[in-house]
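Asker: I have a structure I would like to understand better, so I am pasting it below and will then ask my questions one at a time.
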Amino acid sequence: MFATQDTILKLLTLCALAHSITAYALQEKSPAGASGSAPLDSSHKYLIVRGESPASVSQEHVDFDNAATLLLQAYKSQQTTAPDGLEECSAPTNKPTFSGYDYVILLGMLVISLGIGIFYGFFQKGGSSSNEFLLGSEMSIFPVTLSLTTSFITAIELLGNPSEMYFQGTQFVLIVIPMVLVIPVAVKIFYPIYFKMELTSCYEYLGIRFGKEIRILGAVLYVIQMCFYTAVAVLAPAIALSKATGLDTKIAVILIYVVCVFYSSQGGMKAVVIADTFQAAVLAVSLVLIVGLGSYYSGTPIQVFQKAAELNRLEFFNIDPNPTTRHTVWSVVIGGFFYWTSLFCTNQASVQKCMSLKSLKLAKIALGFAILGLIVVFLLNFYTGLMVFNHYADCDPLTAGRISATDQLLPFYVINTYEHIYSIAGIFVAGIFAASLGTVASALNSLSAVTCEDLLVNGMNIKISPEKGATYAKWMSLGYGIASFGLVFIVEHLGGVLQATLTLNGLIGGVTLGLFVLGIACKQANTKGAFYGGLLSLALVIFVGVVAQIASVESPPLPTSIEHCDCHVNVTNILEGLLTESMNPIKQEGFTSWPIFRLSYMWYSMIGCLLTVFLGWLFSLIIDFNQRRNVLKITGKGGIDNEAVSEEVFKSDDSQVQYTTNSTITTTTTTSTAAVDPIPATTTTKETAGIQGHVNHAIRIDDE
């Protein structure tokens, strides 16, 4: 409801009268000699009152637009001051700000993080080789577990999850289910392969399985994905915090990058893991403190869930099979499974931390506890959203104009509700900063590993000694930090690209996961098939994702109320928005109206993965068929060199080929290899005396 009931009744009555005014009444007010009733403003949009199309504008529409505009001007002139001395909701006289205590806490967290980088970069022995810098030297399980947990908790999620509960309901809570389902997949399939091969970069597996081209493709996709993602992960919370707390956006961004770039480039993996451990503690304290204080100031858990149930916020079993529905059981659980699998199993930032442990057994334990810790953090975050909803059930700050975006909800709640408690705001903002620091630092270190191992050594054949490897990695961390910092200011001016960039992150992650699944599960997959299938899948899913973002229609939020606000809500601002918008829904025309562009964003990772696997497998079969056909054509035209070899050998994968020479029998045995170990194993027994025949290498084409 808007403002008070009396105001609503008066306004509705006046609108009804205005609608019944005829053109004659307005013509009497027009200048002499004027005919008709022209609009007061030719550029002003009208309200569609009878469902008529804009092309068939009736005179009644114009008359209503004029009357409504006159009414709005008269209402504005009478509402220059708030009734009963209440202040304007959108322009409060006393804005909560950061106190000195808050700045001390925030700066203290940043200084400690810097100190960790200084210690491991300048005083701790070790880290002189590339492996020690990028992987650490047999780190202990506890800090790695906490570091893994913070790697998957971004500031975007800490601010976005509560607003999701507040405005859309609790269906998204089921995202914790696929987290649990990923554990057996990670510890039984992916990580045993990585540890057996003793990899520094997980994309090294793609090189072993398919070849240099696929390894470079996976590395380039990761670099693009993480550079843009880190920029968004820093900018989004900085904007939200600046709007709610008054903290300057540029200062927030600069502080995060200076600290991250320093300790990740100087201290390496050890500094990243230890700093993440400290930051995880700060984040946990801030979350628990907000939930604890909220139980006193915003309602007990029983009251919170009762209010959520009364106002239709509790939803867990939406089984709508329509894939365009934003959040359902199917999209959240199934789509979320592919999303989390790409993060836990094929993302270098997580794989690199697990590889820093002594053994596969410790890596499995660390990953399992990290996921369980992540679930606890997410559930606390979700409950915080319901708690905030109970607090603002009768006065929505977004509708009242106190905040301008949904992501500002939680910072506004903390600053506004606990402003009389010193240092609470500082602890909360320090927790948000800690999440950003952990995400960016892990990304920078993993980007250094990918660039060194996959692009320089493997792609460009640059020989880097272990002693120089650490130096290269340090400079690369610094370079990627500067590049990501520059992208922040580019993304900032592109506005809507923020959401598109996050969608792009999911799409690229799905394609990368598809390449790994193709290599592990499909024996027939070959290099060309994986390369062409991966590129085509990437082009298709990016096209679908970008068009979907351009043509997307945001899901309307659940109803909120401003009935009992302790401030004056400026109704004219809301009415102006209604008068300048058409009441008819905008109909999409052309190919953008196709159902594929209306899919829920939760399906993007799954589509990217499955499409890559299917196209890679299909192209591999086609390429393999053409190669076999060409070999048979060549041997058919020129004849078979050795009469002892029949044409049947070209139809068999596993065969023994015997041909006679002057003095010996040569036996060549070719065996197909498992998908996990794609390197052909060829055993040849030769007598050294007088071989006159030659081996037809076309027999090995299947394995190659």
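The values are calculated or read from the model by the stated rules, or taken from the named source; none is laboratory data. No experiment lies behind these values; they were computed from the predicted model shown. As a convention, Cβ positions derive from the backbone with ideal geometry for all residues, glycine included, and neighbour counts pool all protein chains shown. Quick note on the areas: whole protein, heavy atoms, side chains included, nothing else; ligands and nucleic acids left out. Shrake-Rupley method; radii C 1.70, N 1.55, O 1.52, S 1.80 Å.
Asker: What residues have an amide H closer than 5 Å to that of residue 88, excluding those fewer than 5 places away on the same chain, when H is modeled at 1.01 Å from N in the peptide plane?
Answerer: 568
Asker: Which of rounded, prolate or oblate describes the range 262-356 when judged by the alpha-carbon gyration tensor and an a/c cut-off of 1.5?
Answerer: Numbers: a/c = 4.38, a/b = 1.34, b/c = 3.28.
In terms of gyration-tensor shape, oblate.
Asker: Now for a different question. Using a 1.4 angstrom probe on heavy atoms only, work out the carbon and sulfur share of the accessible area of the range 359-425 in %. Can you show the working numbers first?
Answerer: On the way: 1470 of 2300 Å².
About 64 percent, which is the carbon plus sulfur part of the accessible surface.
Asker: If r is the Cβ-Cβ distance from residue 379 to residue 634 and R0 is 45 Å, what FRET efficiency results, to the nearest 0.05? Could you put the intermediate results ahead of the total?
Answerer: Numbers: r = 64 Å, r/R0 = 1.42.
E between residue 379 and residue 634, to the nearest 0.05, is 0.10.
Asker: Kindly identify the range 293-334 as rounded, prolate or oblate by the Cα gyration tensor criterion: order the square roots of the eigenvalues as a ≥ b ≥ c, call it rounded if a/c is under 1.5, otherwise compare a/b with b/c, prolate if a/b is larger, else oblate.
Answerer: Working: a/c = 4.03, a/b = 2.83, b/c = 1.43.
Verdict is prolate for the range 293-334.
Asker: Hey, another quick one. Applying 1/(1 + (r/R0)^6) with R0 = 25 Å to the Cβ-Cβ distance of residue 224 and residue 550, what FRET efficiency is obtained, to the nearest 0.05? Kindly include the intermediate steps, with their values, before the conclusion.
Answerer: Details: r = 20 Å, r/R0 = 0.80.
FRET efficiency, residue 224 to residue 550: 0.80.
Asker: Per residue, how much accessible area does the range 298-393 show when a 1.4 Å probe rolls over the protein heavy atoms, in square angstrom?
Answerer: On the way: 3750 Å² over 96 residues.
Per residue, the range 298-393 has 39 Å² of solvent-accessible surface.
Asker: Using the structure shown, select from 196/633; 188/474; 463/528 the pairs with a Cα to Cα distance greater than 30 angstrom. Before the final figure, lay out the partial values.
Answerer: Working: 196/633 41 Å; 188/474 33 Å; 463/528 27 Å.
From 196/633; 188/474; 463/528, over 30 Å: 196/633; 188/474.
Asker: Sticking with this structure for a sec: Which of the peptides 446-458, 474-486 is most tightly packed, and how do the rest follow, going by the mean number of other Cβ atoms within 10 Å of each residue?
Answerer: On the way: 446-458: 24.4, 474-486: 19.1.
Peptide ranking by packing, descending: 446-458, 474-486.
Asker: Still on this structure: For the peptides 533-539, 103-109, 245-251, what is the packing order when you average, over each peptide's residues, the other Cβ atoms within 10 Å and list the highest mean first? Show your work: numbers first, answer last.
Answerer: Working: 533-539: 20.1, 103-109: 17.1, 245-251: 15.3.
Per-residue Cβ counts within 10 Å, averaged per peptide and sorted highest first, yield 533-539, 103-109, 245-251.
Asker: What is the packing order of peptides 229-241, 310-322, 408-420, taking the mean over residues of other C-beta atoms within 10 Å and listing the highest first? Could the numbers behind the result be given before it?
Answerer: Working: 229-241: 25.6, 310-322: 12.8, 408-420: 21.2.
So the peptides 229-241, 310-322, 408-420, ranked by packing, come out 229-241, 408-420, 310-322.
Asker: Moving to a separate point now. Under 1.5 on a/c is rounded, so check that first for the range 262-420, then, if it is not, pick prolate when a/b is larger than b/c and oblate when it is not; a ≥ b ≥ c are the square roots of the alpha carbon gyration tensor eigenvalues. Let's see the in-between values first.
Answerer: Working: a/c = 2.26, a/b = 1.44, b/c = 1.57.
In terms of gyration-tensor shape, oblate.
Asker: Stretched out fully, how many nm does the piece from residue 303 to residue 564 gain, at 0.36 nm a residue minus the Cα gap? Mind dumping the intermediate values first?
Answerer: Numbers: separation 261, 0.36 × 261 = 93.96 nm, distance 1.83 nm.
Stretched out fully, the residue 303 to residue 564 stretch lengthens by 92.1 nm.
Asker: Given charges of +1 on the Cβ of Lys and Arg and -1 on the Cβ of Asp and Glu, with all other atoms neutral, how large is the dipole of the range 278-427 about its Cα centre, in debye to the nearest 20? Don't skip to the end; give the middle numbers.
Answerer: Numbers: 8 positive and 7 negative charges, 152 e Å.
Its charge dipole is roughly 740 debye.
Asker: I've got another one for you. Which residue, chosen from 191, 147, 226, occupies the Cα position most advanced towards the positive end of the dipole of the range 141-245, where the dipole is computed from +1 (Lys, Arg) and -1 (Asp, Glu) charges on Cβ about the Cα centre?
Answerer: Looking along the dipole axis, the top candidate is 191.
Asker: Tell me, what is the percent relative contact order of the range 163-288, built from C-alpha pairs under 8 Å that lie six or more residues apart?
Answerer: Working: 37 pairs, mean separation 10.2, N = 126.
The value is 8 percent.
Asker: Between the range 298-336 and the range 175-200, what's the alpha-carbon centroid distance in Å?
Answerer: Going from one Cα centre to the other spans 29 Å.
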